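Derivation of every value follows stated rules applied to the coordinates shown; laboratory data play no part. These numbers were taken from a predicted model, which means no experiment stands behind them. Cβ atoms come from the backbone with ideal geometry, glycine included; neighbour counts cover every protein chain shown.
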Amino acid sequence: MYSDIENVNILTALMVAHGIRHVVVCPGSRNAPLVHNFTVCPDLNCYPVTDERSAGFYALGLCQAHPCSPVAVCVTSGTALLNLFPAVAEAFYQHLPLVVISADRPQAWIEQLDGQTLQQPNVFGKFASRSVDLPEIPKDDSGIDHEWLRTQRWYCNRLVNEALSMFGASRLSYRPVHINIPISEPLFSFNTKELPQERVTHYQESATMVDEQLVRQLAERIRKARRPMIVIGQYPHLTIADATIGRTFEAHGPVLYEALAGPLGGKQFDEVLYHHHDDESYRPDFLLYGGDTIVSKRLRKFLREGDKEVWEISEDGDIHDTFQGVDRVIHGNLRMILQQLAALLGDTPSEHLSDDYLKGWQQAMKRQRILCDQYQPSFSQMYVVKLFEEFFLSSQESDNGHSVVHYANSSVIRLANIYARHQVYCNRGVNGIEGSLSTAAGFSLGTTEKVFVVIGDLSFFYDSNALWNESLKGNLRILLLNNGGGGIFHQLPVAEKSPEAIPSVAGYHHATAKGLCESYNIIYYSAHDEKELKQTMQQFFSQKTDRPVLLEVFTDKDVEARMVKEYYTM
């Protein structure tokens, strides 16, 4: 019988799944549930050692005796953990797969003068290649939000997988990892008959950037799936030639990406999911994910639900379980792997592929693209971005296609994903508004081509010091969308649930950029309606000057929200 504490059982199950067979255990009460599990689990060999400093080196010796096999050492809370530091440092420099497991008191009692408590997470600093602090999971789930509970279990599984996958068979080097596990009383309840069946994340790495055998396994897995899907997050390294190769994948399943990754612009998948998010026939059974962040919250929510196998291509070597189900991570260059994968797959669909699934996605995205092109929004930010993109594509022909476009965060990047038919830049690392203008301005200093930035008012005024720079040139063009505040908040529940809070939440203001432009010697235009906008947009693109140009367009935030709703409900 195992412990009744769920995070303890999740950890035990994944230790076995990741090949840990040897555990050095030290005395203590807080770690008693862990020691009990390790002792009764038939797949684990336990070695009791009383002195923690000595125990750490016992585990180190077991690592040396079993090369490439991770060995765990488990201690109770408090200074017991600090006694492992010399062994952890030695394992770090010997590149040994040492797993430190520390029981901890509940977070609420840390720094409250309670017994055997100190700050345990990240205590080893740079000497641990991964340090995770597991969540506590309530045993009695009555009256608890089940979505929250499901997320906590997934989070616990993910953290353990992240730590233990550092010792995958394909890893080129090892470093110690630290798993800290808060445990609340009762500590000595052991009534669970079996360990849980936990999802295991496998990590793949090779000395070369592209391992042909791994890519062949990936191609075979795509061919065997009935409903495969490829999703590419923000990735500025794809070219028009890569987009042509990408058509190969579309014979095998839907390929979804936004303007942040698509040389030819994004797909209209967010609109498709607005209409079909509850339709199970659109759900993949195999998902390949590469690149960085995805803007679409609908896609993230859609792909976090349902049963599927998930592979990730990770360029930085980290595990990003964006869709709550990653099974295998391949460390390698995304562009090279996609090219090699396309050559292996060819353009002949697999016999296993569901024709209804593929056609459903293709027809839905084609329909949404047609509706997008046909829809004529009233004067609003949506209208402005649509007109800007039309001017931009036209200007690319005369400029030999060398201009680039930056979009700021929040509403405007979502509009870019609707209308941009080219790749765009955006600070989607952590999605902040504070540096969008400075990023585009810096880009303009490093090129002679035109650099356009489409930006909302809050982002612009927050980062207006970006214009305080005498080095700026006439290749920087700023399209400022000013609706007097954060318009996106009018599309969120806060507008309905707490109208009193909207002015503060949305940052209402009456500022304009005219005075700033005069101060910083920026050429200034403004537009308040369609007629003015079309006239000034032409000047915005064509004017020859050695100073930046700014076009400020004034719109109504209430019209903005209505246009977005009207567009999605077509």
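Structure values in brief
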{"quantity": "Trypsin sites (Lys or Arg not before Pro) restricted to DSSP loop in the range 77-143 with at most 15 other C-beta within 10 Å", "calculated": "K139"}
{"quantity": "Taking only Cα atoms of the range 296-353, radius of gyration then Dmax in Å", "calculated": "13.6, 35"}
{"quantity": "Spin-label model distance (nm) - V16 vs R369, 7 Å beyond Cα toward Cβ", "calculated": "5.0 nm"}
{"quantity": "Other-chain or far-sequence residues with amide H under 5 Å of E449's (modelled H)", "calculated": "none"}
{"quantity": "Karplus-derived 3J(HN,Hα), 6.51/-1.76/1.60, for each residue of the range 538-552, Hz, glycine and proline x", "calculated": "5, 5, 4, 7, 9, 4, 9, 7, 9, 10, x, 10, 10, 10, 9"}
{"quantity": "Straight-distance crosslink candidates among lysines, where the alpha carbon sits under 16 Å from K531 and sequence neighbours closer than 8 are dropped", "calculated": "K386"}
{"quantity": "Highest average packing first - 188-201, 466-479, Cβ atoms within 10 Å", "calculated": "466-479, 188-201"}
{"quantity": "K193 versus C46: modelled label distance in nm, points set 7 Å from Cα along the beta carbon direction", "calculated": "2.3 nm"}
{"quantity": "Within the chain, helix-based [θ] at 222 nm, where runs of 4 or more DSSP H residues each add -39,500 (n - 2.57), nearest 500", "calculated": "-11500 deg cm²/dmol"}
{"quantity": "Angle between the chain longest axis and helix 212-224 axis [Cα atoms, degrees, rounded to 10]", "calculated": "80 degrees"}
{"quantity": "Set of lysines with alpha-carbon distance to K366 below 16 Å, sequence-local pairs under 8 removed", "calculated": "K267"}
{"quantity": "In the range 509-570, the trypsin sites (Lys or Arg not before Pro) that fall in loop regions by DSSP, at most 16 other Cβ within 10 Å", "calculated": "K544"}
{"quantity": "Amide H partners (placed H, <5 Å) of V310, local residues excluded", "calculated": "L287, D327, R328"}
{"quantity": "The range 368-478 - Kirkwood radius from inverse mean 1/r over Cα pairs (Å)", "calculated": "14.6 Å"}
{"quantity": "Set K126/K308; K514/K557; K359/K450 screened for pairs whose C-alpha atoms are more than 32 Å apart", "calculated": "K126/K308; K359/K450"}
{"quantity": "Tail beyond 21 Å, pair distance distribution of the range 293-411 (Cα, percent)", "calculated": "67 percent"}
{"quantity": "Summed side-chain charge close to G474 - residues other than G474 whose Cβ falls under 10 Å, Lys, Arg +1, Asp, Glu -1", "calculated": "+4"}
{"quantity": "In the range 1-85, trypsin sites (Lys or Arg not before Pro) in a DSSP loop with at most 13 other beta-carbon atoms within 10 Å", "calculated": "none"}
{"quantity": "Extension reserve of the E305-H528 stretch, reckoned as 0.36 nm per residue once the Cα distance is removed", "calculated": "75.9 nm"}
{"quantity": "The range 224-361: mean projected area of Cα convex hull, nm²", "calculated": "7.5 nm²"}
{"quantity": "Volume per residue that the Cα convex hull of the chain spans, once the total is divided by residue count, Å³", "calculated": "189 Å³"}
{"quantity": "Computed Kirkwood radius, in angstrom, where 1/r is averaged over Cα pairs of the range 235-315", "calculated": "13.6 Å"}
{"quantity": "Those lysines that a straight Cα-Cα span of less than 24 Å connects to K139, excepting residues fewer than 8 apart in one chain", "calculated": "K193"}
{"quantity": "Per-residue ³J(HN,Hα) for the range 296-301, Karplus 6.51 cos²θ - 1.76 cosθ + 1.60, θ = phi - 60°, Hz, x for Gly and Pro", "calculated": "5, 5, 4, 5, 4, 5"}
{"quantity": "Residues whose placed amide H lies under 5 Å from that of H22, excluding near-sequence neighbours", "calculated": "N45, A72"}
{"quantity": "Radius 12 Å from Cβ of Q423, net charge of other residues (Lys, Arg +1; Asp, Glu -1)", "calculated": "-1"}
{"quantity": "Cα convex hull of the range 1-158 - mean projected area over all directions, nm²", "calculated": "9.7 nm²"}
